[in-house]
Amino acid sequence: MFSFVQSASVYGVDGRSISVEVDISSGLPQVNIVGLPDPAVRESVERVRAAIKNSGFTFPLDRITVNLAPADLRKEGTAFDLAIAVGILTASAQIGAQPFERTLLIGELSLNGGIKPVSGVLAMIEQAKSSGITRIVLPLANAFEAAWISGMELFALTHLKELSSSDKTDADRDWNRLRFDPSAIGRGVRGRAEHGDASLSGKDDACDFGDVIGQHQAKRAMLIAAAGKHNILLSGPPGTGKTMMIRRLPGILPSLSEQEALEVTKIYSVAGKLPEGPQGLITRPPFRAPHHTISSGGLIGGGSIPKPGEITLAHRGVLFLDELPEFPRQVLEMMRQPLEDRVVTIARSKAVFQFPANLMLAASFNPCPCGYYGHEYGEKRCTCSSTAISRYRSKLSGPLLDRIDLQLEVPRPIIMEQGRAAEQGLTSADMRRIVQAARARQQQRTNSLGTVWNSELTSSALRKHALLNPSALALLDDAFQLFGISMRAYDRLLKLARTIADVEGSDEVEAEHVAEAIQYRRLDNV
């Protein structure tokens, strides 16, 4: 007796169709799973056996062979449990096979027959849709997530015994009972989608740039960075507000478009980091702030079947690296290619995986290990030797700094007179409006290119859309000759000047815009 059902797995951030073939033949009772299964897949035998028995079915006392095809592709995870169980039940004629034709089955089984959610459902269903499958059987806990892929017929299960009548004449009526209605995503869920999820975006309504006293130049730099999605690096002594300002950065970024929100939500689904229960798409840019003890695999991604790292989890959002020189140099150097290409490529012997990494890097560091080099005041004196300072700063290589558009020092705030009210300056709401207006100008100018942000422009597109006037071009060329900057830094200066012009509402890039862009490149001797 033979049966065939369809399941799926995740490789990188994309789904992959997996065929589950089950053959039951006479022989000693045993179950063999072939097709390069990992331990979690091999252990599914015991989960499936107990789930079938505890759901009122009979587990066949015969020789059972389960093949996961393609057989040369390594399989991992628990998403095959439901498909294997259904394959055994249809092969043993305990339920009908017809309802499962051209149907995707995904879900993990508990020992009592309950169907538990799995990670990566969005990627799997997206792949199923592209291959022509429109019927999905999945755990109820994943149904809200799956409903964001339009045009799919969803059947949500909570227990394996709900399939017990699928071979009866009233099968259609029985399946209609299991049909998941996307309208179940109610007003409250969509409301969460509109306002985003603070745990993912890092956005906290209590965090506002209006709380930052002084530091007008740093706030201006943060505004420009957000307006063009430029990488930014802040240097300064402890307690000057570097971390405080960067953590407020997501609050001034525009919300994600529908396509961007789907991309980000799919990544978090694959990583298993979506909040439990009904929720909408992630529409706020994500904010990731890994600790400096992170490994290269944790930052870039890795594993036998690679999983996304922090740099991919920050896709369409912000990656914040606090105390940048404390990160291992090897880890920092691995960021050079993703920052340039906006994609992470991880090669394995059997396949090559690509992860999106279109992010904005925000970093901060102290000028020396003790933090006070060049910023001595009162009793605060730098205690670091020149060797220690050189070793500390050597973690930041020239090629890495070359990829960071805004580099500036954040000095100690000026002490205000006692009893004098602090000037609030721009709030996050004010800055967000400016950023949205600048983004609209960029989108209108480069709409035919499929890009929105100035930082994403290619060299040819940059020269076409920069619109420099002669004085601005002359100043930029003088800077190239005087400071000996690289061609990459030259292009990044031009992109930054274009963003400054957009913030100011100017169609052309003026000399003052170029001058401001140049003074933001202090840390690489520009």
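By how many degrees, 0 to 90 and rounded to 10, does the Cα axis of helix 44-53 deviate from the longest principal axis of the chain?
The angle comes out near 50 degrees.
Which percentage, to the nearest 5, of the DSSP beta bridges contained in the stretch 2-184 is antiparallel?
Bridges in the stretch 2-184 that DSSP calls antiparallel: roughly 60 percent.
With the contact rule set at Cα under 8 Å and sequence spacing of 6 or more, what percent relative contact order holds for the stretch 457-519?
45 percent
Exactly which trypsin sites (Lys or Arg not before Pro) in the stretch 55-161 are in a DSSP loop and have at most 15 other Cβ atoms within 10 Å?
Answer by residue number: 102.
Which of the lysines could a cross-linker bridge to residue 395, judged by Cα under 25 Å and excluding same-chain residues fewer than eight apart?
Of all the lysines, those that pass the test against residue 395 - Cα under 25 Å, at least 8 places apart if same chain - are 229, 242, 380.
Using per-residue counts of other Cβ atoms within 10 Å, averaged over each peptide, order 485-497, 37-49 from highest down.
485-497, 37-49
Mind running the shape call on the stretch 457-519? Use the C-alpha gyration tensor, a ≥ b ≥ c as the square roots of the eigenvalues: rounded below 1.5 for a/c, prolate if a/b tops b/c, oblate otherwise.
oblate
If you count the DSSP beta bridges with both ends in the chain, what percent of them are antiparallel, to the nearest 5?
Expressed as a percentage, antiparallel bridges in the chain total about 50.
To the nearest 0.05, what FRET efficiency results for residue 258 and residue 340 with a Förster distance of 22 Å applied to their C-beta separation?
Result of the calculation: an efficiency of 0.20.
Using only Cα atoms, tell me the angle between helix 258-270 and the longest principal axis of the chain; keep it within 0 to 90° and round to the nearest 10.
60 degrees
Relative to the first principal axis of the alpha-carbon coordinates of the chain, what is the inclination of helix 216-228, with its axis defined by its Cα atoms, in degrees from 0 to 90 and to the nearest 10?
Roughly 40 degrees, rounded to the nearest 10.
Take every Cα pair under 8 Å in the chain that's 6+ residues apart, average their separations, divide by the length, and report that relative contact order as a whole percent.
About 13 percent, as a whole number.
Rule-based calculations on the coordinates, nothing more; no lab input. What you see is a predicted model, and the numbers here were worked out from it, not measured in a lab. Cβ: placed from backbone, ideal geometry, glycine included. Neighbour counts: every protein chain shown.
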